[in-house]
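Note sheet for the following structure.
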Amino acid sequence: MQFLSDHGAEIIALCALFFTIYQAIVQRRHNVLSVQPHLTSFAHEHVDGNVGKLHLQLMNNGLGPAFIKSFQVYLDNKPCDYDAAIKHVTKGTKCKWFRSTLGDDYAMRAGEIKDLIIIDFPCDSPNVLKEMKERLNRLDVKVEYFCAYKKAKHFDTFKS
């Protein structure tokens with residue numbers, strides 16, 4: 001008891017220091033999470049009359065911007081030129097297609113959605129739609145990005 005009365009101020013100061021450090025660590029973790037990006041993909045299809053449409057979208061569902069470091073397209077698990085890959089999977093069809101890419105150092109804001117690939121094609125039966133989806137599934141997009149705190153992340157459409 002004598003020790004507590006002699007060193008009470010020091011014990012209180014150490015407790016205050018400990019809780020201040022703990023609070024700073026918790027606040028830092030919160031700050032990192034509050035600006036964390038989260039890239040995900042979404043594919044959807046639509047048939048209107050005899051025209052089918054396939055979309056592959058990339059979206060940032062996180063809370064902060066995703067700073068793009070690299071954007072690479074793969075065809076059958078091999079790196080490939082984006083246009084050449086789309087031409088290859090649509091070869092022999094009467095497709096119209098649109099594609100967009102994310103350049104290095106692009107900042108994708110929270111909530112942003114990008115159409116990566118849109119393919120319009122003649123579709124007179126459900127089998128045509130199924131075949132085009134299978135063709136498009138041969139493509140893979142891999143994105144390396146980081147958050148405002150420089151934490152590296154990877155996105156892969158095959159794994160999402």
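Bear in mind that the values in this text are calculations on the coordinates, not laboratory data. Worth saying up front: this structure is predicted, and the values here are computed from it rather than measured. Cβ atoms come from the backbone with ideal geometry, glycine included; neighbour counts cover every protein chain shown.
Going down the list K69/K94; K53/K150; K53/K114; K78/K114; K130/K153; K53/K151, which pairs span over 26 Å between their C-alpha atoms? Table pairs above 26 Å Cα-Cα are K69/K94; K53/K150; K130/K153; K53/K151. Backbone phi angles across the range 23-35, fed through the Karplus curve with coefficients 6.51, -1.76 and 1.60 (θ = phi - 60°), yield HN-Hα couplings of 5, 5, 5, 5, 5, 4, 4, 4, 4, 5, 5, 6, 10 Hz in residue order; Gly and Pro are listed as x. 3J(HN,Hα) along the range 38-44, derived from phi through the Karplus expression 6.51 cos²θ - 1.76 cosθ + 1.60 where θ = phi - 60°, amounts to 8, 8, 8, 10, 9, 10, 9 Hz, with x in place of Gly and Pro. With a cut-off of 13 Å between beta carbons, the residues surrounding D104 carry a summed charge of -1, where Lys and Arg count +1 and Asp and Glu -1.
When the chain is described by a simple charge dipole with +1 on each Lys and Arg Cβ and -1 on each Asp and Glu Cβ, the residue from V47, V89, A110 located farthest towards its positive end is V89. Counting Cα-Cα pairs of the chain in 5 Å increments starting at 0 gives whole-percent bin shares of 2, 8, 14, 15, 12, 10, 8, 6, 4, 4, 3, 3, 3, 2, 2, 2, 1, 1, 0.
Packing order of peptides 75-86, 23-34, 109-120, highest average first: 109-120, 75-86, 23-34 (average count of other Cβ atoms within 10 Å over each peptide's residues).
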